Structure formats: structure tokens, C-alpha cells
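Undergrad: Take this structure, written in C-alpha cells, and hold onto it; I'll ask about it next.
The values are calculated or read from the model by the stated rules, or taken from the named source; none is laboratory data. Remember, it's a predicted structure, so these values are computed and weren't measured experimentally. Using ideal geometry, Cβ is built from the backbone for each residue, glycine included, and neighbour counts are taken over all protein chains shown.
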Amino acid sequence: MKLNELKPAAGSVKRNKRLGRGQGSGGSTAGRGHKGAKSRSGYSRKIGFEGGQMPLQRRVPKFGFTNNNKVYFKCVNLDALETLAQKTKASDINVQLLIDNGIVGKKDKVKVLGRGELKAKVNVEAHAFSETAVKAIESAGGKATKV
């Protein structure tokens, strides 16, 4: 068997029906049925329309509240900083270094939390710190700086 001899299985490939190209292509309605909005050109159904049934976005109740002024932080723990410091051998860990290593996203605000142990002497820059994280960073000989 050679590559130029490969063919799909018999009957597995069908040609599409070319509708609306005269009598030979499926009659005068071209598969759209008789009359009505769906038979006309330019017809488009509304988004979420379910044939007159109450649409899902109106059946499901609205609840809750979203505070537009709340600042959401991406949390980074001390154990993640420790592994990053060992991997990159960096004495300064800033937000850009965290972004480059895929720990946080480009638009995330970073908060350092105190889970884990930090042995490396590193200066950490972030948007916010917990009290335990600041104590651990300073006890290891580093500095915690808010951006």
C-alpha cells in the first residue's frame, strides 16, 4: 500500500446538496418549506429564542449582587515563592517575574499569603501582603514592598 493509493471507505464521503440552483436541485423551495419568515431571505432567529417557549435566560431567576468596587487579588503563598526563588536564583521577586513564570496573569493583582516556609532571602514586591507573610519574609532576611 502506498500513500497515493489511500482512499476513504466507499460511501463515507457525500457531496453537499446544492440548494436553490433551479428545479434539479430540490425544487422551488430549496428545502425551506412553503411561506413564513424562515423561508425568506434575511431571516435570523433571535439569540436564545426557543420557539415561543420561555427562554432559559428568563426562566432562571436573577439573584445576588456584584460589587464593582471590590478589588480581587490572586493569592500567592510563601511555598510558591520559595520554589520560584530556587528555580530562578533571583534575589528580587516582583510581579513581572511572577507573570513571566506563569504564576499569575498579566492583569492580576497579587497578594502574598503565609502558607508554607520561606528559607531564601528575597525581596518581594506585590500589591498586598498578609501579616504572617510579612513576618516570614522579614525573618528570612528579605523585604516586603507594596507596589
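Undergrad: So is T66 without any contact (Cβ under 8 Å) to a residue 24 or more places away in the chain, among the hydroxyl-bearing types (S, T, Y) and exposed (fewer than 11 other Cβ atoms within 10 Å of the Cβ) or not?
TA: yes
Undergrad: Just checking, which of V110, V147 is hydrophobic (A, V, I, L, M, F, W, C) and either more than 15 Å from F73 (Cβ to Cβ) or at pLDDT below 95 (or both)?
TA: Values: V110 fails: either more than 15 Å from F73 (Cβ to Cβ) or at pLDDT below 95 (or both).
Testing whether each residue is hydrophobic (A, V, I, L, M, F, W, C) and either more than 15 Å from F73 (Cβ to Cβ) or at pLDDT below 95 (or both) leaves just V147.
Undergrad: Of the residues L81, L19, only one is in contact with a helix residue (DSSP H, G or I) (Cβ under 9 Å, 6 or more places away or on another chain) and touching a residue at least 24 places away in the same chain (Cβ under 8 Å); which?
TA: Unique residue meeting the criteria: L81.
Undergrad: So, in segment 18-77, exactly how many residues are more than 30 Å from L98 (Cα to Cα) and either in contact with a Phe, Trp or Tyr (Cβ under 6 Å, 6 or more places away or on another chain) or not small (G, A, S) (or both)?
TA: Residues meeting the conditions: 29.
Undergrad: Taking segment 40-56 as the region of interest, how many residues are surrounded by 10 or more Cβ atoms within 10 Å (Cβ to Cβ) and not in a loop (DSSP other than H, G, I, E, B)?
TA: So the answer is 1.
Undergrad: Checking the structure you have, find out if any residue of segment 26-33 is in contact with a helix residue (DSSP H, G or I) (Cβ under 8 Å, 6 or more places away or on another chain), surrounded by 13 or more Cβ atoms within 10 Å (Cβ to Cβ) and farther than 30 Å from G141 by Cβ. Working first, answer last.
TA: Going residue by residue through segment 26-33, those that are in contact with a helix residue (DSSP H, G or I) (Cβ under 8 Å, 6 or more places away or on another chain) are 29, 32-33.
Filter again for surrounded by 13 or more Cβ atoms within 10 Å (Cβ to Cβ), leaving 32.
Pick out the ones that are also farther than 30 Å from G141 by Cβ and you get 32.
The answer is yes; a qualifying residue exists.
Undergrad: Further question: How about segment 64-79: which of its residues are among the small types (G, A, S) and within 15 Å of S130 (Cα to Cα)?
TA: none
Undergrad: Shifting gears a bit: Restricting to strands (runs of 3 or more DSSP E) lying wholly in segment 64-129: which have 3 or more residues that are more than 20 Å from the chain's Cα centre (by Cα)?
TA: By residue number, 109-113, 123-126.
Undergrad: May I pose another question? Only residues in segment 84-110 that are more than 18 Å from A144 (Cβ to Cβ) count as the first member; pair them with residues that are small (G, A, S), Cβ under 9 angstrom, at least 6 apart or cross-chain, and list the lot.
TA: Partner pairs satisfying both residue conditions: Q86/A120; I99/G105.
Undergrad: With the requirement that a residue be among the polar types (S, T, N, Q) and in contact with a Lys or Arg (Cβ under 8 Å, 6 or more places away or on another chain), what does segment 37-69 give you?
TA: Correct list: S39 only.
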